[in-house]
Amino acid sequence: MSAIYILWLRELKRYTRSRAQIVASLGQPLLYLLALGFGLGPVFKRAGNGSYLQFMAPGVIGMSVLFSSIFSGLGLLWDRQFGFLKETLVAPVSRIQIMIGRTLGGATVAVIQGMLVLVICLIAGFRPAHFAAIPLAFGFMVLIALLFAALGMAIGSGLQDMQGFQLIMNFLVMPIYFLSGALFPLTQQGVVMKYVTRADPLAYGIDGMRNVLGSPLAAFDPRLDLAVLVVVGCILLAFGAHRFNKIEI
């Protein structure tokens, strides 16, 4: 347990001591809020769907958590390149504990990121149905962060260079985000899009936040959102642990 705590704390310190990283990581959510939230707001309202800002705020929060958590696997490649990973793996600690500590650290950073974006959304004009629902939204952020931090660790465990990680992320992260319903409603989709979007685990995380925050056009039952995130998260944690255990030093 001490090894898990140390690695979790290390990931947290790596994030909090870089103010430039914190500011830069908020740039993309701000761009989406300004360019889409206010730019497409009148069109969305004329279509009879209410405020687009109310609809897309959970999607922007989910985007921030997704990007931050899955890119935590990038730190694994940095540690491999500079030798820290080798020092960690030869320590008298099980690799499962190392993987759990790093995953929890990446997930914690992602949740902090999501909370910062939530605050920005509140300042921009987003209003949840009840402020008491924010802790429930926080729970969905945690599940999203754990799920995709484990996926990032699984991918990072099998790569040797930064270029390969960036290539996989470009073909994986952006489709996961754009097919999650973060920017468009998942209701009344065509047959193909209906099944494609329902295969995206992020869709259930964002939809869960919409359900608890009272945002319009939620597509699924919140109990289904929770169940899918828990099941897929457990599968990816097991897969990430298996991949991490196969790393050769």
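The values are calculated or read from the model by the stated rules, or taken from the named source; none is laboratory data. Keep in mind the model is a prediction, meaning the values are calculated, not measured. In this analysis, Cβ positions are derived from the backbone assuming ideal geometry, glycine residues included, and neighbour counts consider all displayed protein chains.
Only a single criterion out of (1) touching a residue at least 60 places away in the same chain (Cβ under 8 Å); (2) outside any loop (DSSP other than H, G, I, E, B); (3) hydrophobic (A, V, I, L, M, F, W, C) is not satisfied by Ala129, namely (2). Taking residues in the range 154-167 that are among the aliphatic types (A, V, I, L, M), and partners anywhere that are at pLDDT 70 or above, the pairs with Cβ atoms closer than 7 Å and at least 6 places apart or on different chains are Ala154/Leu236; Ala154/Phe239; Ala154/Gly240; Ala154/Arg243; Ile155/Gly73; Ile155/Ile168; Leu159/Leu77; Met162/Leu77.
Exactly one residue out of Leu183, Leu213, Leu179, Leu147 is in contact (Cβ under 8 Å) with a residue 60 or more places away in the chain, within 26 Å of Tyr32 (Cβ to Cβ) and surrounded by fewer than 23 Cβ atoms within 10 Å (Cβ to Cβ): that is Leu183.
Looking only at residues in the range 53-68 that are under 19 Å from Met153 (Cβ atoms) and aliphatic (A, V, I, L, M), the one that is surrounded by the most Cβ atoms within 10 Å (Cβ to Cβ) is Val65. When the range 201-249 is filtered for residues that are among the small types (Gly, Ala, Ser) and farther than 21 Å from Ile96 by Cα, the ones remaining, listed by number, are Ala203, Gly205, Gly208, Gly214, Ser215, Ala218, Ala219, Ala227.
Look at the range 217-244: where a residue is under 19 Å from Pro128 (Cβ atoms) and a partner is buried (at least 20 other Cβ atoms within 10 Å of the Cβ) and of a type in the set (Lys, Arg), sitting 6+ places away or on another chain with Cβ atoms under 7 Å, you get Ala218/Arg210.
The residue that is surrounded by the most Cβ atoms within 10 Å (Cβ to Cβ), among those in the range 69-120 that are assigned to a loop (DSSP other than H, G, I, E, B) and either of a type in the set (Gly, Ala, Ser) or touching a strand residue (DSSP E or B) at 6+ places or on another chain (Cβ under 6 Å) (or both), is Ala91.
Taken residue by residue, the range 223-241 has at least one member that is modelled with pLDDT of 90 or more, over 23 Å from Gly125 (Cβ atoms) and among the charged types (D, E, K, R). The listed residues are Ser51, Ser2, and the only one of them that is more than 25 Å from Gln163 (Cα to Cα), more than 21 Å from the chain's Cα centre (by Cα) and at pLDDT below 70 turns out to be Ser2. For the range 217-229, what are the residues that are of a type outside the set (Gly, Ala, Ser) and surrounded by 14 or more Cβ atoms within 10 Å (Cβ to Cβ)? Answer for the range 217-229, where residues must be of a type outside the set (Gly, Ala, Ser) and surrounded by 14 or more Cβ atoms within 10 Å (Cβ to Cβ): Leu217, Phe220, Pro222, Leu224, Asp225, Leu226, Val228, Leu229.
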